[in-house]
Structure formats: structure tokens, C-alpha cells
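The values are calculated or read from the model by the stated rules, or taken from the named source; none is laboratory data. Keep in mind that this is a model prediction, so the values were computed, not measured. Backbone-built Cβ (ideal geometry, glycine too); neighbour counts: all protein chains shown.
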Amino acid sequence: MSSDNIDLYNPNRFGDLLFIFHTNHKKYLNDLFSQYDLNLVQVLCLLRLNEENNLNQKDLSDGFYLTKGAITKAVKKLEKNNFIIREKSTSDKRQYTLTLTSKGKNMIPIIEEINAQWENEIGLNEVSEEFNKTFTRLTFKSVELNKNKK
């Protein structure tokens, strides 16, 4: 599709472009993940649990800068659909440790394939290392701005 066929409110404001990019990224991935009865937040949880053991819901909430409610909803659905197991923490009985099941582990390559497909289709492989570093720095700055407001 040519950019001539798309009407953007204000393509000169980077924040507007980021919002549109994020919204379309989320829609694209949610549409593909829906066939597995998953959404993007649940997928992010699965990926994080695959990378790190002994996480709890607070770890996920803090790591993704999402509300505890959003993570609780995602975790409940993942547990209900047998993607994860929630077990009482041995170190803190108020917490639950989250672990991928074999079904959850088997989903990881599918998730990675869908993500790679999206990245290839939009051309993320064309982004320079310099742009990636700058964008990463800006992302951390935006997180810090919100942390300082609390």
C-alpha cells in the first residue's frame, strides 16, 4: 500500500505517528493471535515467562508498565487456557509464581514466527542501528517521565 492512500491526521507530529503505529501493531498482532485465543498482553506475558523464571504478576506489571488489573486478567486467562501454572511462592505466601506449561512453551515459536512476519512485512529490518538506539533511548526517557510523576 502506498502512503498516498492513507490519510493521517498530522504526520509531522512524531507522537501522533507513534500512536498510530502502536494501534495498528496491536490490531495486526491481536488479529493473528486470536486464532490461539490469545491477545497481545497475554503474548507479552508468555514471552517474558519464557525468558525468566520465578516471576509473579507484579514483576509482569512493572516490566510492561501495565496496570495490575490488566496483568491479572491476562494471567487468569492464560491459566484457564493451560498456558501457565500459578503456584504459591515458597518465599512469600502472598505471591504466586508463574510458570509456562508445555502448551505455553510450544506457543513460543509460533509467537516468534508471527512477530517476525509482522517485522518483515513493515520493514523493520530496514531500520538503522542508530535509529534503534535513539528510539530505545527515547522510550526509556518516556518511562522516566512517568515514573517521576508518581
Q) Do the conditions hold for L60, that is, is it in contact with a Cys (Cβ under 7 Å, 6 or more places away or on another chain), at negative phi and hydrophobic (A, V, I, L, M, F, W, C)? A) yes
Q.
Could you list, ordered by first residue, the pairs with Cβ atoms under 9 Å in which the first is in the range 17-33 and on the phi > 0 side of the Ramachandran plot and the second is surrounded by 12 or more Cβ atoms within 10 Å (Cβ to Cβ), at least 6 apart or interchain?
A. none
Q.
Tell me whether the range 85-95 contains one or more residues that are within 26 Å of T139 (Cβ to Cβ) and either of a type in the set (A, V, I, L, M, F, W, C) or loosely packed, with under 13 Cβ neighbours inside 10 Å (or both).
A. no
(Q) So if I check each of K93, K88, which one is without any contact (Cβ under 8 Å) to a residue 24 or more places away in the chain, touching a strand residue (DSSP E or B) at 6+ places or on another chain (Cβ under 7 Å) and over 20 Å from E51 (Cβ atoms)? (A) K88
Q) Counting only residues that are farther than 16 Å from H22 by Cβ and exposed (fewer than 11 other Cβ atoms within 10 Å of the Cβ), how many does the range 134-145 have? A) 5
(Q) Suppose we filter N125, N146 for residues that are touching a residue at least 40 places away in the same chain (Cβ under 8 Å), more than 22 Å from L46 (Cα to Cα) and more than 15 Å from the chain's Cα centre (by Cα); which single one remains? (A) N146
Q. Within the range 116-133, can you find the residues that are more than 13 Å from F21 (Cβ to Cβ) and either part of a loop (DSSP other than H, G, I, E, B) or among the small types (G, A, S) (or both)?
A. A116, S128
Q | the range 108-147: number of residues that are of a type in the set (F, W, Y) and at pLDDT 95 or above | A | 0
